[in-house]
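The values are calculated or read from the model by the stated rules, or taken from the named source; none is laboratory data. Quick caveat, the model's predicted, so the values are computed rather than measured. Cβ atoms come from the backbone with ideal geometry, glycine included; neighbour counts cover every protein chain shown. Surface accessibility is based on the protein's heavy atoms, side chains included, excluding ligands, DNA and RNA. Shrake-Rupley method; radii C 1.70, N 1.55, O 1.52, S 1.80 Å.
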Amino acid sequence: MRYLPSASRLSRAILGALALLGASFVPGNAQTEPTWAQFRGPDVRGVSTASGVFPTPGNVSLEVGWKKTLGSAYSCISVANNTVVTFFSDGKSDVAVALDAKTGAEKWRVVLDKTYEGHDGSHNGPIATPLIVDSIVVALAPRGRMVGLDLPTGKVIWDTHLVEDHQAVKPHYGFSTSPVLIAGAMIVQLGAPEAALASFNPKTGELIWKAGDDIVGYETAIPFDFSDGLQIVAAGMQKVMGVDPKNGSVLWEHTHEGTGGRGAMSMVPLDIGQNRLFLCHDDNSSRVLTVQKSAEGYSSEVAWENRHIRNTYNIPVYYQGHIYSFSSRVLTCVNADTGEQMWRSRAPGDGFTIIVDGHLVIVTKEGELHIIRATPEGYQPRASLALFSDLSWNTPGFDGESIYVRSLGEIARVNISSSESVTLLDEENEAIDSDFSRFLNDLAAASNKEDLVDRFLAKHPESPIIEDNRSVHFYYRGNAEDVAIGGDMIGARQEQAMARVAGTVFFYYSTTLEPDARVGYVLIKDYEEITDPRNPRTDTTTVYGKDMEVAGVTGEMPISWVAMPEWEAPQHLVPSETHPRGTVTQEKFKSEGSDKEITVDVYLPHGYENSETTRYPVAYVHGGKEAMERGKMVTSLDRLIGDTVAPLIVVFIHEAFRGVAPPYVGMVVGELIPFIDKSFRTIQDKNARASLGASFAGTASFYTGFMHPEVVGRVAGQSCMMLEAYCEPLFEMLPSASETPLHIYLDWCTYDVRNPHEAWDMAVSGREFAATLKEKGYKLAGGEAHDGTGWSSWRNRTNDVLEAMFPLEKP
């Protein structure tokens, strides 16, 4: 079971301020449009042309018209001819389903393919959104099957395959591009050699033309209302191109220089008028591109670029001169002409956005629907509704009358009406019943609030406050508009708002941890990460960086950390003047396999230099530079050898494991180990060799042992990175313990690196890997620790690793 954090809410404090005078409103008076028949609706812009949908002035009421159980998918909803169409997985197959828009009654369902199973941080099911053209539904399945279905009956009218028939290359997560209708033709981003996109006849599935040359990930093409005629604009991994919809000729290209899963790989350009395109081209920035035409031809130039909108899977929307989008998890409004940030708000929480009748319609990942005025004057919520208890990763749809939303498990129609009062969800961070919660109650009622805060903090000068061995209260006091918290207990690409006590500058967040837990965290003050100013315990994480992004994207970050009362500080990390110290020497050799110089640091135990005959076991540490510097492993070796660990040589490998096992493992086993055996007095036996590592290096450690058990007989891994992309070959090769006996140590952490929304969690992976090894007959040392992630966690158990690999045999 995957953990999903509690839903974000809006504060009770704003209810009164937002109450509007009532006014008559008749939903039937809305000026509607007939369909939302494709990805992001008319013109693929995510904007409805309907007016009079929301009462102004007046209050908005949202009510569930119907709700039905559905299966997992990222597919959005298309609506036409009183029919709602979407895709989902029923557990065995990926299917297209048609529902009656008024009642939710199922009209038909059609199997598209066997279920496309989620992997490497994705959920099961289809990704593309249906296209409805007259009486035809076009459905694209993740493996590449594309069919035309009869809208009234679901009968298959035509059937083709992007890979088998059109030489497309399936992206890693499957085909997610959505077929869209532009100038009467169906446009699909193909990703075939010299065919980045293609035009098809939606009635027959017949190929009309192919165009462009670029690698395609998860992008979808759009219509571009250029001054001298409509163009198709398609983005790829390297370029954005304008294409003539009549014949597929490429009119212009722009090298966007972007990267990243939330940038180039999934970019959908946005037409913002005046021959301009807004591009979320990079994980860390976005830009506006102006396209021009002269007698010499087309040209393009960057009008502006900044970081105000970045790092988001949400596709922005444009309305009346402004761009609205999430930036990381923060809703943001930007002036389209200048790039100036007009406002930003942590509420309503990360999600997906369209525009209806001058309002942002947002479904959050937590399954809430929010209606917010689309205005540069600030965040102005009008209504909200809690809909789903599971994850929603789908843009809403709108048919001119009602909103259609879905999650991984359900689909719903939401009707709009007027209301006598404002209906908004609440964002109170409910403190656990304790002295702290009683302080909050007293504070709410106090006339001199700051004086009460002063007296309370005099008793609790350090943050966080821990009560009853489980309750943890993080707090911040100071002038700030917004304060949030991120950390091991929350996960990657996540943070939680800290509640502000009205009338004070006191913010807090409460949670529970195990009595022996230890986690790292940061406070986020006005959207900038800081360490906790009232906590003297600090460290640096190489796992998380800015925006709580994984550090491979953003680099290292200072953190604070907290340990619960029953956590025991590891003594092996404390340097000792009484323990004898080993020596470290640096060695280099030329690798014939990689044709480059390999550097290793070699730890020799105390006494090695005094004996010419004693031979030693060897531990090979993958990711050795980090293990030495951040893992403090040399200090641990000095403290443990002779007490609980047998004297041994340790080789710290600087060469990085890149996720491709054979070349790296071949270098370690075929070149490094013979080099060490030749250079030092080693015991040349598999049971005297151990392979060690953490995270990706832990994965490398297991690859080394299982690929060459005749050379390495002992394997240890901590918080191994077990994404399928890295580990599928490892799981395929796993033998039984009787076939390949190995001594194994494996540990993982309750608060390991994870993202609850994106279906990856190294704690879950650790449990599953341990269960698999046990099923194969292996006896494991290690287990789960109530700790966080990174070297500030892994080094706490270096003693357990070394004692499991080479325990000291005492007389």
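Details
- Averaging the sequence gap over all C-alpha pairs within less than 8 Å and six or more residues apart, then dividing by the number of residues, gives segment 258-385 a relative contact order of 14 percent.
- Kirkwood hydrodynamic radius over Cα pairs of segment 511-624, then Stokes diffusion coefficient at 37 °C and 0.692 mPa s, in µm²/s: 176 µm²/s
- Cβ-based charge dipole, the chain, positive-most Cα from PRO152, LEU279, GLY555: PRO152
- Calculated FRET efficiency for the pair THR599/SER249, C-beta based, R₀ 60 Å, to 0.05: 0.70
- Kirkwood-Stokes translational diffusion coefficient of segment 387-456, alpha-carbon pairs, 20 °C, 1.002 mPa s, µm²/s: 130 µm²/s
- Kirkwood Rh and Cα Rg combined as Rg/Rh, segment 448-515: 0.99
- With each label modelled as a point 7 angstrom along the Cα→C-beta vector, the LYS678-LYS67 pair spans 6.9 nm.
- The residues neighbouring GLY217, those whose beta-carbon lies less than 12 Å from its own, together hold a net charge of 0 under the Lys/Arg +1, Asp/Glu -1 convention.
- Relative contact order of the chain, defined on C-alpha pairs under 8 angstrom at six or more residues apart (%): 9 percent
- Surface accessible to a 1.4 Å probe, THR585 within the full protein complex, Å²: 40 Å²
- For segment 480-570, the spherically averaged projection of the C-alpha convex hull amounts to 6.3 nm².
- Calculated SAXS-style log₁₀ I(q)/I(0) at q = 0.34 Å⁻¹ - segment 602-641, Debye, Cα scatterers: -1.23
- Computed over segment 232-272, the Cα gyration tensor eigenvalues convert (square root of 5λ each) into semi-axes of 20, 10, 8 Å, ordered from largest to smallest.
- Pairs beyond 30 Å (Cα-Cα), from LYS102/LYS210; LYS92/LYS155; LYS239/LYS546; LYS92/LYS170; LYS210/LYS546: LYS102/LYS210; LYS210/LYS546
- Per the Cα gyration tensor, segment 57-112 maps to an equivalent ellipsoid with semi-axes of 25, 13, 10 Å, ordered largest to smallest.
- Label-point separation in nm, THR538 to ASP685, each point 7 Å along Cα→Cβ: 5.0 nm
- Accessible heavy-atom area order of TYR379, TYR703, TYR313, highest first, probe of 1.4 Å: TYR313, TYR379, TYR703
- Extents of segment 163-236, largest first, come to 36, 26, 19 Å (Cα atoms, principal axes, whole angstrom).
- Longest to shortest principal axis, alpha-carbon extents of segment 669-811, angstrom: 49, 34, 27
- Rounded accessible area of TYR745 (nearest 10 Å², 1.4 Å probe): 10 Å²
- Near-label residues of segment 104-132 by backbone N, under 19 Å of a point 7 Å along Cα→Cβ of LYS92: 108-118, 124-126
- Given in Å, the Rg to one decimal and the Dmax to the nearest whole number for the Cα atoms of segment 83-143 are 12.1, 38.
- The chymotrypsin sites (Phe, Trp or Tyr not before Pro) found in segment 433-497 include none that occupy coil by DSSP while having at most 14 further C-beta atoms within 10 Å.
- The chain - mean residue ellipticity at 222 nm from DSSP helices (-39,500 (n - 2.57) per run, n ≥ 4, rounded to 500): -3500 deg cm²/dmol
- Rounded to the nearest 0.05, the FRET efficiency derived from the C-beta distance between SER294 and GLU257 at R0 = 35 Å is 0.90.
- Accessible area of the chain belonging to carbon and sulfur atoms, whole % at 1.4 Å probe: 48 percent
- Residues GLU117 and SER611, FRET efficiency given R0 of 60 Å [Cβ-Cβ distance, rounded to 0.05]: 0.60
- When its C-alpha radius of gyration is set against 2.2 N^0.38 Å (N residues), segment 98-228 gives a value of 1.07.
- Two-site label geometry, THR585 and GLU739: point separation in nm, points 7 Å out along Cα→Cβ: 4.1 nm
- Relative packing of peptides 99-110, 185-196, 779-790 - highest average C-beta neighbours within 10 Å first: 185-196, 779-790, 99-110
- Model label zone, ARG438; criterion: amide N under 16 Å from point 7 Å along Cα-to-beta-carbon; scope segment 447-470: 456-457, 459-460, 466-469
- The alpha carbon convex hull volume per residue for segment 614-743 rounds to 109 Å³.
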